[in-house]
1. Amide H of Trp78: which non-local residues (sequence gap of 5 or more, or other chain) have their own amide H closer than 5 Å, using H built in the peptide plane?
2. Can you work out ³J(HN,Hα) from phi for every residue in region 59-66, in order, using Karplus 6.51 cos²θ - 1.76 cosθ + 1.60 and θ = phi - 60°, giving whole Hz and x for Gly and Pro?
3. Provide the per-residue ³J(HN,Hα) series for region 181-193, in order, calculated from phi with Karplus coefficients 6.51, -1.76, 1.60 and θ = phi - 60°, each as a whole number of Hz, with x at glycine and proline positions.
4. When only DSSP loop residues count, what GluC sites (Glu not before Pro) in region 18-62 have their Cβ near at most 16 other Cβ atoms within 10 Å?
5. Once amide H atoms are built 1.01 Å from N in the peptide plane, which residues 5 or more positions from Phe101, or in another chain, come under 5 Å H to H?
6. Largest first, how would Ile179, Ile220 line up by accessible area (1.4 Å probe)?
7. Can you list residues whose amide H is under 5 Å from Thr140's amide H, if they're 5+ apart or on another chain and H is modeled 1.01 Å from N?
8. So, for region 66-127, what is the accessible surface per residue at a probe of 1.4 Å, expressed in square angstrom?
Amino acid sequence: MRPPSFLPDALRQRLQRHKIATLAELKQALGTEVALTVFRKLKELDYLTSYSHRGQYYTLPEIARFDSKGLWSYEGVWFSRHGTLLATAQHFVNHAPQGYFAEELASALHVQVHDALRQLVLRRQITRQSISGLYLYTCTDASTRQRQLLSRRTRQAVPTLTDASRLQVAPEEVQAAIILFYSLLDEQQRRLYAGLESLKLGHGGDHQLAQLLGLNPHTIARGRQQLLEHGVEFERVRKSGGGRKRLEKKRRN
């Protein structure tokens, strides 16, 4: 007697109709009680597993409509373009400009992440550092981690241009105050201040600051790089050799 033949199309039709399904529902659709048989057929369809609800739901890439962060939700069940909760948390931490505190990442992913972050740290796939009594989770790459920590600390220490909405002051007055403060700085301080604000503003910050402060974007990028590399000259306003050349006094014969 020939063994029963199972076709993956039965699973595809079930998922296309209902978007997501549990293992029990897929067994029913395929007409089998064997979980391994379901997974063999799912593999042919390049399936996705939910990162929420303990991975108990399944769907297909053609069904998911991922947002700009690579996430998709259906009836409160969350899927990720990056795969499991561990893989998704690692991707988010590695690509976050300022790293993530656990509560921030939980809010971004809509699930609790403490256990996932602990596992990633133990596997040395991400790192963590205590800041203000909380663990900040950052990338394992040293240069990326340094940028994340610097950006986080400067954001916490100094109000940014993007924080101006929190102040009970008109935006025009805030801009005028910034320009006045900027005008009191020397050449190096202006470059470094613009670089600091660029770090806090993130993508597009150079262009925004260039318009506000009348600076060349390359100057802003240079200031940002100096801060990241700790290449600040404390004794000079200009670099050695900069400025007008000294004139020698002419003596009469």
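1. Tyr51, Ser52
2. Per-residue couplings from phi come out as 8, 10, x, 6, 8, 5, 10, 6 Hz.
3. 4, 4, 5, 8, 8, 7, 4, 5, 5, 4, 5, 6, 4
4. Values: sites: Glu25, Glu33, Glu44, Glu62; in loops: Glu33, Glu62.
For GluC sites (Glu not before Pro) across region 18-62 that sit outside H, G, I, E and B with at most 16 neighbouring Cβ atoms in 10 Å, the list reads Glu33, Glu62.
5. Under 5 Å from the amide H of Phe101 lie the amide H atoms of Tyr137, each far enough along the sequence or on another chain.
6. From most exposed to least exposed: Ile179, Ile220.
7. Long-range HN contacts for Thr140: Thr127.
8. On the way: 3250 Å² over 62 residues.
Ligands and nucleic acids excluded, the figure is 52 Å² per residue.
The values are calculated or read from the model by the stated rules, or taken from the named source; none is laboratory data. These numbers were taken from a predicted model, which means no experiment stands behind them. Every residue, glycine as well, gets a Cβ built from its backbone with ideal geometry; the counts of neighbours run over all protein chains shown. These accessible areas exclude ligands, DNA and RNA; they are computed on the full protein's heavy atoms, side chains included. Shrake-Rupley method; radii C 1.70, N 1.55, O 1.52, S 1.80 Å.
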